[in-house]
Amino acid sequence: MPMLIVLIVIAAVGATFWDPIEIRARQWRARRWLQQRDDVRAVHELRATLRKDLENTDTLLLLARAHRRLGAFTRTAGILDRAQALGGNKASIERERRLALAQAGQIRDVEPFLADMLIASGDEDPDICHAFVQGYFANLRFDMAVRLLDAWQQSFPNDVEPHFLRAYMWQSMNQEEQAITLYQEGLAKAPGRTAMRHRLAKALLNTNRLDEAERELRVCVEQAPDDADVHYWLARCAFARNALDAAARHLTAAMERQSDHLDARLLRGQILLAQGQPDKALPDLQQVVARHPYDTFAREALGRTLRGLGRHDEAKPHLDFVAEAQPNLDRLNRLLRESINKPRDAELRYEIGTILVRYGPPEDAAKWMQAVLELEPDHREAHRALAAYFESTGHAAKAFFHRARADAATRLP
């Protein structure tokens, strides 16, 4: 019995001294992951840390940052509330709240604090810049995003993130060549950034540089073998070469990892159609078009499939849609390029949004309409477009707000 008591005492004393050391070590590792922008690993490390001490406010603040950077804003808010209740550092909590608002696109609410935040930030400048650049992107304020990226890169020339964010901006504007150069510059300094390498591969494929795209995707497979998207894009490379059997193999690997991969379903339909099996292609293509009626590739494939099955009347609306869409999409690309040099042109943004309402993802059209309202809060047609969007997505209160604003704008003298 005395020996048992001694062992219990030793264990208790060991835990007393060891737990704080382990917590500090895990916090240090989490900070390293955050510096490397591996936010998922940081979350795992910090959750393990909390199991040792649920009330450690330093751990909670780091965890809030990791979740905020992952876009989990509701969870971030809850963690910050907990840190505040436990007496955590007020300035750090307020900074994270403001960065969450900026990153979520509520830039107008926090932009007045940006200069002071940077002055008081110490070594936190890159994180602040990153959140605000994302906010400017969300509001399609590319001029401000570029200015902040310039300042960030000048102050931290070894930081690769400005390269990647600029590349992302150009890629979102369908300017693939500019994006390719920036991705390559960033990856030369940070070759382990698989997500960025993946984006580079997409840009290379979209510019028909198939050998380079496949080479980058092979590296991605080594770094992230369970990523369904990587296998899907390898299938796209093979399909572009008309290597249908290889494309089918890669596609099987993608769908084994994510069975409801909508792009993979589209590609599987295209492969089956190219193999002369329109009856087998039909279910996949119908499902894709039902969920993404604006997708011209899916509509074109479905139209050809129906025509191959002799169902010409059903094929015609899809093929007509594609023919009608192409000149509008060509115009869209021109307007996107123009919008970078005209950051205060509300009507240009409204025209982009109008094209996207019919020929693009609804959420993208909504972003451009919101950007119109940032410049002209009483723009009647933008409010009407947003009212229709929110009605279609089941957000009745937001739809009512925009409908009321549109009606009020109509009554203005």
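What follows is calculated from the coordinates using simple rules that are stated; it is not laboratory data. The shown structure was predicted, so the numbers you read here are calculated from the model rather than taken from an experiment. Here the Cβ positions follow ideal geometry from the backbone for every residue, glycine too, while neighbour counts run over all protein chains shown.
For the reader, a short list of remarks on this structure follows.
- Helical mean residue ellipticity (222 nm; -39500 (n - 2.57) per DSSP H run of 4+; nearest 500) of the chain: -26000 deg cm²/dmol
- Between the stretch 68-136 and the stretch 351-380, the C-alpha centres lie 27 angstrom from each other.
- Rounded to 10°, Cα long-axis angle of helix 142-155 versus longest principal axis of the chain: 40
- Here the relative contact order of the stretch 264-413, from alpha carbon pairs under 8 Å that lie six or more residues apart, stands at 13 percent.
- Measuring between their Cα centroids, the stretch 203-217 and the stretch 237-256 lie 15 Å from each other.
- To the nearest ten degrees, helix 57-69 and the longest principal axis of the Cα atoms of the chain are 10 degrees apart.
- In plain terms, the C-alpha convex hull of the chain casts an average shadow of 27.3 nm² when viewed from every direction.
- Computed lengthening from Q277 to L70, 0.36 nm per intervening residue step minus Cα-Cα distance: 70.3 nm
- Simple point charges give the picture: +1 on the Cβ of Lys and Arg, -1 on the Cβ of Asp and Glu, and for the stretch 79-236 a dipole about the Cα centre of about 220 debye.
- Across the stretch 22-104, Cα-Cα distances exceeding 21 Å account for 19% of all pairs.
- Residue among T74, W33, A85 farthest towards the positive dipole end of the stretch 22-104, charges placed on Cβ: W33
- Axis angle, to the nearest 10 degrees, between helix 161-172 and the longest C-alpha principal axis of the chain: 20 degrees.
- Listed peptides 61-71, 185-195, 289-299 by packing density, highest first (mean Cβ within 10 Å): 61-71, 289-299, 185-195
- Contact order for the stretch 22-104, expressed relative to its length and based on alpha carbon pairs under 8 Å spaced 6+ residues apart, stands at 24 percent.
- Loop-resident GluC sites (Glu not before Pro) (DSSP state other than H, G, I, E or B) in the stretch 343-413 with no more than 13 further Cβ atoms inside 10 Å of their Cβ are absent.
- Normalised contact order of the chain, rounded percent, pairs of Cα under 8 Å and 6 or more residues apart: 7
- Full-extension gain in nm, A195 to D109, via 0.36 nm per residue minus C-alpha separation: 27.9 nm
- About the centre of its Cα atoms, the stretch 342-413 shows a dipole size close to 120 debye [charges on the beta carbon of Lys, Arg (+1) and Asp, Glu (-1) only; nearest 20 debye].
- Unit charges on C-beta of K, R, D, E only; dipole of the chain, Debye: 380
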